[in-house]
Amino acid sequence: MGFLGCGRIADLQCLGYLAHPRAEITAVCDADPARARARAEAWGAARVHAEPEALFADPDVDAVEILTPHDLHEAHATAALIAGKHVSLQKPPTRTLDELDRLAAVAAGSGRVLRVFENFSHYPPHLRAKALVDEGAVGTPLSVRVKTAAGRFGDGWEVTPATQAWRLDPERCGGGATTFDHGYHCFQMARLFVPAPVERVHAFIHWTQLAERAWIDGPALISWRYAGDPPRLGSWEVIASVGMRVRSDYYVSDDRLEIHGSEGILWVNRCTGRLLEEPSVVLYRDGETRAFHDLETDWAASFRRGGIDFVDALLEGRTPAQSLGDARETLVFALAAARSAATGREVALGEVRGAPAPPVGR
Ligand SMILES: NC(=O)c1ccc[n+]([C@@H]2O[C@H](COP(=O)([O-])OP(=O)(O)OC[C@H]3O[C@@H](n4cnc5c(N)ncnc54)[C@H](O)[C@@H]3O)[C@@H](O)[C@H]2O)c1
């Protein structure tokens, strides 16, 4: 593996490749040479490249992990694929559908694998919840509710001003740091538990001023309807409690899920942080509550598993757990939510996909 981008999330993104017996991180590249050298030393990587092109030309690199800001994703992933490398690209894959479609076309013609990595899909409590839903533990899933609670700064990971700067710039990020960047995870979760496409979305997104020229998109309340029958709805709410301590080894926020079905309710009580010391997964059914305690709950596990899946997929010649089509659909959802908030109206995902919108009304 070669790593392009050795910033904040590289701390966790390396875990699967370091753990896999048949993988090795052989080379790194970052615009900040000191950062790249420190990572190479920590990971035992033999080479530090000053430029992405040199990393992509390195014969000891079979695949690259791309961890750069979103405005660079398309260019970096395209160049890596053309150079003959497999690519694991962090979510959100691109800022726009046009960027993603161009990239997918390059991938299709390259004979190499392009995987978009979204780590919540590999988080053990989410996987257990998904297995329970698929086994029918809550009957027919009818509603998915996601709740993100952000807390006061200073209690978890340090996030440098440089990292904050590109993320808070909607042009470089592709949208809001909360509802587009972090939102990609929550939209993915919304899609994971209901076996139907999301059809329509309505978003209320308030922009809060942080500094003279820095705004963050939150609080926000986003709701949606899945296609078909029975009627199935979902919602995602994000709240910043700036005086509240969130126990976390990572970002000072946490995400909880509630899945209502025709016969029961399922909760996933944690993810990025350790906000609630509740069992990570709880099932209510037939008047009884069952808690699942035997799960690995550290958020880092999702990155480790996701890295291992990518290596296994390459070795086995199979599609990684997350397909490109799946990544595209989540991006459509995120873009539809942003469009709804900007226009103050409900948006059909078909509008964003380019397909005709389903009829409005009853
Ligand atoms: N899955 C998650 O939960 C999660 C969390 C954080 C970040 N991410 C994603 O990971 C990616 C990186 O985020 P981050 O928080 O680590 O950002 P970061 O700003 O901390 O790191 C980005 C790194 O890229 C380097 N870089 C920028 N331009 C470069 C160039 N042209 N050539 C070489 N290096 C360059 C920077 O020097 C920096 O070290 C983003 O896509 C982000 O959305 C995902």
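The values are calculated or read from the model by the stated rules, or taken from the named source; none is laboratory data. All of these numbers come straight from a predicted model, not from anything done at the bench. Cβ coordinates were reconstructed from backbone atoms using ideal geometry, including for glycine residues, and neighbour counts include every protein chain displayed. In case anyone asks, the SASA skips ligands and DNA or RNA and just uses the protein heavy atoms, side chains included. Shrake-Rupley method; radii C 1.70, N 1.55, O 1.52, S 1.80 Å.
Could you please find all residues in the stretch 34-55 being within 8 Å of the ligand (Cβ to nearest atom) and surrounded by fewer than 22 Cβ atoms within 10 Å (Cβ to Cβ)?
Arg35, Glu51
Count, please, the residues in the stretch 1-33 that happen to be assigned to a helix (DSSP H, G or I), near the ligand (Cβ under 10 Å from one of its atoms) and either surrounded by fewer than 16 Cβ atoms within 10 Å (Cβ to Cβ) or more than 21 Å from the chain's Cα centre (by Cα) (or both).
The initial filter retains those residues of the stretch 1-33 that are assigned to a helix (DSSP H, G or I), namely 10-13, 15-19, 33.
The next check asks that each one be near the ligand (Cβ under 10 Å from one of its atoms); those that pass are 10-13, 33.
Next, only the ones that are either surrounded by fewer than 16 Cβ atoms within 10 Å (Cβ to Cβ) or more than 21 Å from the chain's Cα centre (by Cα) (or both) stay: 11, 33.
Total satisfying the criteria: 2.
Could you grab me the full set of residues in the stretch 203-238 that are over 27 Å from Leu168 (Cβ atoms) and among the basic types (Lys, Arg)?
The answer is Arg225, Arg232.
Out of the stretch 298-327, which residues are in contact with a helix residue (DSSP H, G or I) (Cβ under 6 Å, 6 or more places away or on another chain) and open to solvent by 40 Å² or more (accessible area, probe 1.4 Å)?
Scanning the stretch 298-327 gives Arg304, Arg305, Ile308, Ala321, Leu324.
Please list, ordered by first then second residue, the pairs with beta carbon atoms under 9 Å, 6 or more apart or interchain, first in the stretch 56-85 and open to solvent by 10 Å² or more (accessible area, probe 1.4 Å) and of a type in the set (Ser, Thr, Tyr), second within 11 Å of the ligand (Cβ to nearest atom) and not in a helix (DSSP H, G or I).
Thr68/Leu4; Thr68/Gly5; Thr68/Gly7; Thr68/Asp30; Thr68/Ala31; Thr68/Gln90
Consider the stretch 114-141. How many of its residues are open to solvent by 60 Å² or more (accessible area, probe 1.4 Å) and aliphatic (A, V, I, L, M)?
The number of residues fulfilling the criteria is 1.
Tell me which helices (runs of 4 or more DSSP H) are completely within the stretch 69-138 and hold 2 or more residues being farther than 30 Å from Gly287 by Cβ and either charged (D, E, K, R) or more than 13 Å from the ligand (Cβ to nearest atom) (or both), or say none if there are none. Please lay out each step first, then the result.
Values: elements: 73-82, 97-110, 124-134.
Because the criterion is at least 2 residues that are farther than 30 Å from Gly287 by Cβ and either charged (D, E, K, R) or more than 13 Å from the ligand (Cβ to nearest atom) (or both), the helices (runs of 4 or more DSSP H) in the stretch 69-138 that meet it are 73-82, 97-110.
In the stretch 156-178, what residues are surrounded by fewer than 14 Cβ atoms within 10 Å (Cβ to Cβ), acidic (Asp, Glu) and outside any helix (DSSP H, G or I)?
The answer is Glu158, and nothing else.
I need the full set of residues from the stretch 274-292 which are of a type in the set (A, V, I, L, M) and either part of a strand (DSSP E or B) or crowded, with 18+ Cβ neighbours inside 10 Å (or both), in order please.
Step one: list which residues in the stretch 274-292 are of a type in the set (A, V, I, L, M), which gives 275-276, 281-283, 291.
Leu275, Val281, Val282, Leu283, Ala291, listed by residue number.
Taking the condition of being hydrophobic (A, V, I, L, M, F, W, C), more than 11 Å from the ligand (Cβ to nearest atom) and in a loop (DSSP other than H, G, I, E, B), how many residues in the stretch 56-68 meet it?
Matching residues across the stretch 56-68 total 2.
Just to check your reading of the model, which residue among Gly111, Gly136, Gly156, Gly174 is in contact with a Phe, Trp or Tyr (Cβ under 8 Å, 6 or more places away or on another chain), at positive phi and not polar (S, T, N, Q)? Walk me through it before giving the result.
Details: Gly111 fails: in contact with a Phe, Trp or Tyr (Cβ under 8 Å, 6 or more places away or on another chain); Gly136 fails: in contact with a Phe, Trp or Tyr (Cβ under 8 Å, 6 or more places away or on another chain); Gly156 fails: at positive phi.
So the residue among Gly111, Gly136, Gly156, Gly174 that is in contact with a Phe, Trp or Tyr (Cβ under 8 Å, 6 or more places away or on another chain), at positive phi and not polar (S, T, N, Q) is Gly174.
Within the stretch 179-191, is even one residue within 15 Å of the ligand (Cβ to nearest atom) and without any contact (Cβ under 8 Å) to a residue 12 or more places away in the chain? Before you say what the answer is, go through the steps one by one.
Kept after step one, since they are within 15 Å of the ligand (Cβ to nearest atom), are these residues of the stretch 179-191: 179-189.
From what's left, without any contact (Cβ under 8 Å) to a residue 12 or more places away in the chain: none.
The answer is no; no qualifying residue exists.
Are any residues in the stretch 211-235 within 16 Å of the ligand (Cβ to nearest atom) and either closer than 23 Å to Phe193 by Cβ or open to solvent by 10 Å² or more (accessible area, probe 1.4 Å) (or both), and if so, which ones? Before you say what the answer is, go through the steps one by one.
Kept after step one, since they are within 16 Å of the ligand (Cβ to nearest atom), are these residues of the stretch 211-235: 214, 216-217.
Listed by number, the residues that qualify are Ala214, Ile216.
Can you give me the number of residues within the stretch 86-116 that are among the β-branched types (Val, Ile, Thr), within 17 Å of Pro320 (Cβ to Cβ) and touching a His at 6+ places or on another chain (Cβ under 7 Å)? First the steps, then the outcome.
Pass one, the stretch 86-116, residues among the β-branched types (Val, Ile, Thr): 87, 94, 96, 106, 113, 116.
Now drop any that are not within 17 Å of Pro320 (Cβ to Cβ), which leaves 87, 113, 116.
In the following step, the residues that additionally are touching a His at 6+ places or on another chain (Cβ under 7 Å) were identified as 113.
Residues in the stretch 86-116 being among the β-branched types (Val, Ile, Thr), within 17 Å of Pro320 (Cβ to Cβ) and touching a His at 6+ places or on another chain (Cβ under 7 Å): 1 in total.
For the stretch 339-355, name all the residues that are open to solvent by 10 Å² or more (accessible area, probe 1.4 Å), within 14 Å of Val198 (Cβ to Cβ) and touching a residue at least 12 places away in the same chain (Cβ under 8 Å).
Start the filter on the stretch 339-355 by keeping residues that are open to solvent by 10 Å² or more (accessible area, probe 1.4 Å), which leaves 339, 341-346, 351-355.
Add one more test, that the residue is within 14 Å of Val198 (Cβ to Cβ), and what stays is 339, 346, 351-353, 355.
Matches in the stretch 339-355: Arg339, Glu346, Glu351, Val352, Arg353.
Cβ-Cβ distance below 9 Å, separation of 6 or more or different chains: which pairs start in the stretch 219-238 with a residue that is at positive phi and end on one that is part of a loop (DSSP other than H, G, I, E, B)?
Final answer for the pair search is Gly228/Ala196; Gly228/Pro197.
Taking the condition of being farther than 21 Å from Thr163 by Cα and either within 20 Å of the chain's Cα centre (by Cα) or not charged (D, E, K, R) (or both), how many residues in the stretch 50-63 meet it? Show your work before the answer.
Our first condition is that a residue be farther than 21 Å from Thr163 by Cα; within the stretch 50-63, this holds for 53-63.
From the residues that got through so far, the ones that are either within 20 Å of the chain's Cα centre (by Cα) or not charged (D, E, K, R) (or both) too are 54-57, 59, 61, 63.
Result for the stretch 50-63: 7.
Among the listed residues Glu237, Glu258, identify the single one that is within 16 Å of Gly176 (Cβ to Cβ), among the charged types (D, E, K, R) and in contact with a Lys or Arg (Cβ under 6 Å, 6 or more places away or on another chain).
Working: Glu258 fails: within 16 Å of Gly176 (Cβ to Cβ).
Answer to the selection: Glu237.
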